[in-house]
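One structure is given here, and the rest of the page talks about it.
Coordinate-derived values only; no laboratory data. As the structure is a computational prediction, the values presented were derived from the model and not from experiment. Note: ideal-geometry Cβ built from the backbone for every residue, glycine included; neighbour counts use all protein chains shown.
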Amino acid sequence: MPQITKHLCAEPHVVGSIIGKDGTNLRRLQRNFKVNVEIDNNTGNSLRKISITGTEEAVSQAEARIMQLMSRGRQNSLNAANVDELPFEEHDLVHQNSSSTSLPYQEGKDPCFIGLGL
């Protein structure tokens, strides 16, 4: 079966939830879904790129699990900060036509980031 690579972006504070203690979650993801997962080593405040490589089905399943782990990481961050809910921030809508999808460019915002505004 052909291999594909999908890229996700994660906030720095949720990467630990994806990796897990001593890399446990990352190894389990790779073993259970038979994918290769690479996380960008950028340790700054910007988003971290996550690359998932494997068959289309395996990548899709691994992506769903990574999204669960990211959600758990966000919730843990909220709990640690003693915040009950996420602040609301209005954003422009995604523009889509039959040939492309685009987001309006915002100065100082990472175009990779689509998600919760933590």
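Between residue 27 and residue 1, the contour length at 0.36 nm per residue exceeds the Cα-Cα span by 7.1 nm.
Positive-end ranking of 60, 15, 47 along the dipole of region 4-80, with charges on Cβ about the Cα centre, is headed by 15.
Each residue, residue 56 and residue 13, gets one label point 7 Å from its Cα in the Cβ direction; the gap between the two is 3.7 nm.
Please label the shape of region 4-80 as rounded, prolate or oblate, based on the square roots a ≥ b ≥ c of the eigenvalues of the alpha-carbon gyration tensor (a/c under 1.5 means rounded; beyond that, a/b larger than b/c means prolate, else oblate). Prolate, since a/c reaches 1.5 and a/b exceeds b/c.
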